[in-house]
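S.K.: Before we start, here is the structure in question, set down as structure tokens.
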Ligand SMILES: NC(=O)c1ccc[n+]([C@@H]2O[C@H](COP(=O)([O-])OP(=O)(O)OC[C@H]3O[C@@H](n4cnc5c(N)ncnc54)[C@H](OP(=O)(O)O)[C@@H]3O)[C@@H](O)[C@H]2O)c1
């Protein structure tokens with residue numbers, strides 16, 4: 001049991017991120033002081049939305065300059081904190097060198113933050129934003145899991161530096177986190193393992209999260225001839241923020257938490273947009289044939305290899321979300337609300 005004093009500041013790494021923004025809003029609304037660790041505290045483009053959140057809430061935000069690959073650079077931000085949220089990690093399919101651009105910042109960055117937490121007296125709990133990607137790579141891994149469903153017991157054994165390196169980066173980063181947690185007794189570790197996060201970004205003009213890129217593709221015509229019936233889990237970004245909040249402040253929180261609301265696929269996600277936006281935007285209304293995807297996929301995006309398509313298209317994703325509902329009382333928004341609220345931001349901001 002770990003009790004966190006809400007009067008003490010709370011560190012959020014990767015504060016400029018899509019997921020972090022909603023977590024910071026949740027903390028500021030509670031009147032908590034947030035230590036926001038960012039790469040470039042002078043970039044107003046990246047932080048103006050956080051300043052606006054702070055201005056409209058009882059909480060306070062303070063910025064600290066930190067980088068995942070700059071060892072010790074999170075220590076100043078951690079001073080005085082009992083609770084550390086480590087959300088920073090690259091989430092993009094636009095990388096050149098998987099080791100340098102994805103795996104090193106994820107794994108060495110996690111070691112950097114958690115080793116500092118061992119040095120800074122007073123840290124009681126660390127919450128790491130891991131991912132369902134640390135549990136599975138492809139929808140077929142759900143089919144192959146015991147009882148056809150992924151749980152917190154399972155680790156990803158199918159991703160590698162060569163195949164789906166983002167999933168590999170999240171797997172080795174979370175493994176590193178547990179290894180460091182076990183090497184000490186000052187703080188406990190809780191991980192939040194979201195599936196694909198969707199819903200409204202608080203900083204739409206500067207968001208580079210892959211979540212946002214996919215949402216844009218649903219409205220820019222990429223899927224106009226059909227969306228792949230590619231099995232995936234989806235969760236609302238606001239529910240992911242609540243999951244983090246509970247993981248930090250619920251004394252009994254422990255271990256890993258699958259944070260996934262819906263076992264769904266890209267076609268269902270597109271169809272959830274049809275009622276509200278289908279008349280004005282080229283939203284997919286049918287499934288893209290698997291043979292066509294196999295033919296063109298590898299030329300569209302390097303992550304859409306034939307192996308990936310074979311293991312995911314027309315294959316159901318299935319995750320067990322009962323632990324977080326039971327232990328942290330999490331309730332999930334309906335898929336339609338998540339998709340519509342997210343897409344509305346793109347419309348309002350003239351991004352689609
Ligand atoms: N979105 C999803 O579907 C999803 C699902 C499961 C798990 N997650 C996890 O959730 C976390 C946040 O992802 P997101 O979707 O919010 O993506 P995001 O908006 O791209 O946020 C990533 C954050 O990591 C920071 N970062 C990247 N490289 C860094 C480095 N070398 N040093 C310091 N900071 C660095 C970024 O800072 P800059 O702004 O300076 O680039 C940004 O604040 C990640 O750990 C991701 O793996 C996301």
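S.K.: Between residue 67 and residue 225, what is 0.36 nm times their sequence separation minus the Cα-Cα distance? Round to one decimal in nm.
M.R.: On the way: separation 158, 0.36 × 158 = 56.88 nm, distance 4.16 nm.
In short, 52.7 nm is gained.
S.K.: I've got another one for you. Between residue 99 and residue 55, what's the calculated FRET efficiency when r is the beta-carbon distance and R0 is 45 Å? Round to 0.05.
M.R.: On the way: r = 41 Å, r/R0 = 0.90.
The value I calculate is 0.65.
S.K.: Any chance you could list the semi-axes, whole Å, largest first, of the equivalent ellipsoid that the Cα gyration tensor gives for the chain, using √(5λ)? Don't skip to the end; give the middle numbers.
M.R.: Details: eigenvalues 205, 104, 71 Å².
Three semi-axes, in Å: 32, 23, 19.
S.K.: OK, next. Ordered by packing density, taken as the mean number of other Cβ atoms within 10 Å over each peptide's residues, highest first, how do 290-299, 337-346 rank? If you can, show how the numbers build up before the last one.
M.R.: Working: 290-299: 14.4, 337-346: 20.2.
Packing order, densest peptide first, comes out as 337-346, 290-299.
S.K.: Can I get the semi-axes of the range 214-257's equivalent ellipsoid? Compute them from the C-alpha gyration tensor as square roots of 5 times the eigenvalues, in angstrom, largest first.
M.R.: Working: eigenvalues 238, 29, 5 Å².
Three semi-axes, in Å: 35, 12, 5.
S.K.: Something else: Going by average Cβ neighbours within 10 Å, how do the peptides 204-214, 14-24 rank, with the highest at the top? Could you put the intermediate results ahead of the total?
M.R.: Values: 204-214: 17.5, 14-24: 25.8.
The peptides rank, most packed first, as 14-24, 204-214.
S.K.: Could you let me know the centre-to-centre spacing of the range 50-93 and the range 188-254, using Cα atoms, in angstrom?
M.R.: About 19 Å separates the Cα centre of the range 50-93 from the one of the range 188-254.
S.K.: Now, a different point. With bins 10 Å wide starting at 0, give me the P(r) of the range 1-128 over every alpha carbon pair, in whole percents.
M.R.: Final binned percentages: 14, 45, 33, 8, 0.
S.K.: Take every DSSP beta bridge with both residues inside the chain and express the antiparallel ones as a percent of the total, to the nearest 5. Before the final figure, lay out the partial values.
M.R.: Working: 5 of 38 bridges.
Just about 15 percent of them are antiparallel.
S.K.: Using only C-alpha positions, report the orientation-averaged shadow area of the convex hull of the range 99-222, nm², one decimal. Show your work: numbers first, answer last.
M.R.: Values: hull surface 39.7 nm².
With the hull built on Cα positions only, its mean projection is 9.9 nm².
S.K.: Hey, for a label at residue 185 modelled as a point 7 Å past Cα toward Cβ, could you say which residues of the range 1-19 have their backbone N under 16 Å away?
M.R.: Taking a point 7 Å out along Cα→Cβ of residue 185, the residues of the range 1-19 whose backbone N falls under 16 Å are 1-2.
S.K.: For the range 33-99, what Kirkwood radius comes out of the mean inverse Cα-Cα distance, in Å? Can you show the working numbers first?
M.R.: On the way: mean 1/r = 0.0733 Å⁻¹.
It is 13.6 Å.
S.K.: Tell me whether the range 139-285 comes out rounded, prolate or oblate; compute the Cα gyration tensor, take square roots of the eigenvalues as a ≥ b ≥ c, and use a/c under 1.5 as the rounded threshold.
M.R.: prolate
S.K.: If you don't mind, another one. Using 0.36 nm per residue of separation minus the Cα-Cα distance, give me the extension gain between residue 286 and residue 121 in nm, one decimal. Please list the in-between numbers first.
M.R.: Values: separation 165, 0.36 × 165 = 59.40 nm, distance 5.58 nm.
Answer, rounded to one decimal: 53.8 nm.
S.K.: Students often check this: by mean Cβ neighbours within 10 Å, which of 243-250, 67-74, 222-229, 126-133 ranks highest, and how do the rest follow? Could the numbers behind the result be given before it?
M.R.: Details: 243-250: 22.9, 67-74: 16.9, 222-229: 18.6, 126-133: 27.1.
The peptides rank, most packed first, as 126-133, 243-250, 222-229, 67-74.
S.K.: OK, next. Only helical DSSP H runs with n ≥ 4 go in: add -39500 (n - 2.57) per run for the chain, normalise by residue count and round the 222 nm mean residue ellipticity to 500 deg cm²/dmol.
M.R.: Details: 13 runs with 142 residues, N = 352.
So the calculated ellipticity at 222 nm is -12000 deg cm²/dmol.
Laboratory data are not the source of any read-out in this text; all were calculated from the coordinates shown. Here the structure is a predicted model, which means the values were calculated and not measured. Every residue, glycine as well, gets a Cβ built from its backbone with ideal geometry; the counts of neighbours run over all protein chains shown.
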